[in-house]
Amino acid sequence: IGDMRVKLFSDGIAPSAEEPAVGDPSGPEGITTVVGESANELLVDARLTLRTAAAKGTVEAAVDRAFDEANRDAVSEKLDQFLNGKTRPEISWASFDDSKVQGAFIAETNTILISEELQGSTSTVQAVVLEEIGHWLEQGNDTAGDEGERFASQIVGDNGPIDAAADSTTLVINGLVY
């Protein structure tokens, strides 16, 4: 159905389907999600954080540690375009009917969703946005594990353990299943 990445409280991300399907938003098909206001201002902070990391040389190391070798050139090129303002994902606040979901990337719509419950928690929002940008950077052949979390952890200098398990879920947005 589509390639969708979801940030769960357990820090797992996983692909979903290729094309959105119509579904019953109240049914067991997925997590009902209501997309809220634009959160494009979060990209300003993310771009600044990534530019600072690039100046320190940590972006290259983050790309090397987070992504498969076969994907690194494409990821680096897309990251350069993002840093230069030539490309970006859309980003919006969202309400998920599962409080474990902190963020999601939906490839079909080029959109990052950030849980409204995180508003006011600057460091958590920053970490989730950077993780979802990590998923946005890699579209196509997916690196095993949670490359978004590995990427974000390297950028912010978090050396804690990374959950290698990939949790997957389905979102239902306006009756469409992702």
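The values are calculated or read from the model by the stated rules, or taken from the named source; none is laboratory data. Note that this is a predicted model, so its numbers are computed, not measured. Don't worry about glycine lacking a Cβ; one is built from the backbone with ideal geometry, like all the others, and counts go over all protein chains shown. All accessible areas refer to the heavy atoms of the entire protein, side chains included, with ligands and DNA or RNA removed. Shrake-Rupley method; radii C 1.70, N 1.55, O 1.52, S 1.80 Å.
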Notebook entry, point to check: If the Cβ limit is 7 Å and pairs must be 6+ apart or interchain, which residue in region 67-94 that is within 17 Å of residue 57 (Cα to Cα) and free of Cβ contacts under 8 Å to residues at least 24 places away in the same chain pairs with which residue that is open to solvent by less than 40 Å² (accessible area, probe 1.4 Å) and in a helix (DSSP H, G or I)?
Noted result: 72/63; 76/63
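Just checking, how many residues over region 111-132 are in contact with an Asp or Glu (Cβ under 6 Å, 6 or more places away or on another chain) and under 19 Å from residue 174 (Cα atoms)?
Taking region 111-132 as the starting set, the residues that turn out to be in contact with an Asp or Glu (Cβ under 6 Å, 6 or more places away or on another chain) are 111-112, 131.
With under 19 Å from residue 174 (Cα atoms) added as a condition, the list becomes 111-112.
Number satisfying all stated conditions: 2.
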Note to self: Suppose we keep only residues that are under 17 Å from residue 149 (Cβ atoms) and of a type in the set (D, E, K, R) within region 56-69. Which one would you say is most open to solvent (accessible area, probe 1.4 Å)?
What the structure shows: 65
Notebook entry, point to check: How about region 70-109: which of its residues are at pLDDT 95 or above, open to solvent by less than 10 Å² (accessible area, probe 1.4 Å) and touching a strand residue (DSSP E or B) at 6+ places or on another chain (Cβ under 8 Å)?
Noted result: 89, 91, 94
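Before we move on, is residue 115 more than 23 Å from residue 63 (Cα to Cα), at pLDDT 95 or above and among the polar types (S, T, N, Q)? Spell out the reasoning first.
Working: more than 23 Å from residue 63 (Cα to Cα): yes; at pLDDT 95 or above: yes; among the polar types (S, T, N, Q): yes.
Taking the combined requirement at face value, the residue satisfies it.
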Margin query: Just to be sure before I move on: is residue 156 in contact with a strand residue (DSSP E or B) (Cβ under 6 Å, 6 or more places away or on another chain) and either buried (at least 16 other Cβ atoms within 10 Å of the Cβ) or of a type outside the set (Lys, Arg) (or both) in the structure I sent?
Written below: no
Checklist line | region 158-178 residues that are acidic (Asp, Glu), paired with ones that are open to solvent by less than 30 Å² (accessible area, probe 1.4 Å) and at pLDDT 60 or above (beta carbon under 6 Å, 6 or more apart) | finding: none
Check: Could you say which residue among 26, 38 is surrounded by fewer than 15 Cβ atoms within 10 Å (Cβ to Cβ) and either in contact with a strand residue (DSSP E or B) (Cβ under 6 Å, 6 or more places away or on another chain) or modelled with pLDDT of 95 or more (or both)?
Finding: 38
